[in-house]
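First comes the structure, then the notes that go with it.
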């Protein structure tokens, strides 16, 4: 049996209750919760006072739209029916208005866009250069480990202190490492 958190239950029930009032079957299919479970959650929610119900963002927006053309008396009656304070409805309206704020203020100029793209290209070029350097350093480290583990180096470690030449990937490398 699946266990659902209270927040999940509240969001599901909010979709079932007014003003959204989505069909139980649609919510059931969308959320993957059985119809019987949703009906039980809705019955429990209806047994609690209206003030404690959770309103989804879509339901709040719908409430703001539904009450926009109403006068003060009608709006108050609607609020009483749906268990919402008029001040709470006004806060929802202010939030919706702020979210839809003036888009032109937030847009960046074409010059800023061009500068940002240029900066991104520079950074990507720098990252590629550093990746190549890292790969080269790693290859040199692997090669140096191979060189030091070669039989000629083992002879050096036994007390011989002379440089040697070894062909490493097509290049002659001369190395000397004195050991006491």
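The values are calculated or read from the model by the stated rules, or taken from the named source; none is laboratory data. Since we're looking at a predicted model, the values are computed, not measured. Backbone-built Cβ (ideal geometry, glycine too); neighbour counts: all protein chains shown.
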Checklist entry - Can you pull out the residues in the range 43-76 that are in a loop (DSSP other than H, G, I, E, B) and either at pLDDT below 75 or in contact with a strand residue (DSSP E or B) (Cβ under 6 Å, 6 or more places away or on another chain) (or both)? => result 48, 49, 53, 54
Checklist outcome for this item: When every residue in the range 5-42 that is under 26 Å from the mean Cα position of the chain (by Cα) and exposed (fewer than 11 other Cβ atoms within 10 Å of the Cβ) is compared, the one modelled with the highest pLDDT is 32
Checklist entry - Does residue 80 count as surrounded by 10 or more Cβ atoms within 10 Å (Cβ to Cβ), without any contact (Cβ under 8 Å) to a residue 24 or more places away in the chain and either assigned to a helix (DSSP H, G or I) or out of contact with any strand residue (DSSP E or B) (no Cβ under 8 Å at 6 or more places or on another chain) (or both)? => result yes
Item to check | Test for residue 93: is it in a helix (DSSP H, G or I), modelled with pLDDT of 85 or more and either loosely packed, with under 11 Cβ neighbours inside 10 Å or in contact with a strand residue (DSSP E or B) (Cβ under 7 Å, 6 or more places away or on another chain) (or both) | outcome: no
Checklist entry - Hey, does the range 97-110 have a residue that's within 27 Å of residue 5 (Cβ to Cβ) and over 33 Å from the mean Cα position of the chain (by Cα)? => result no
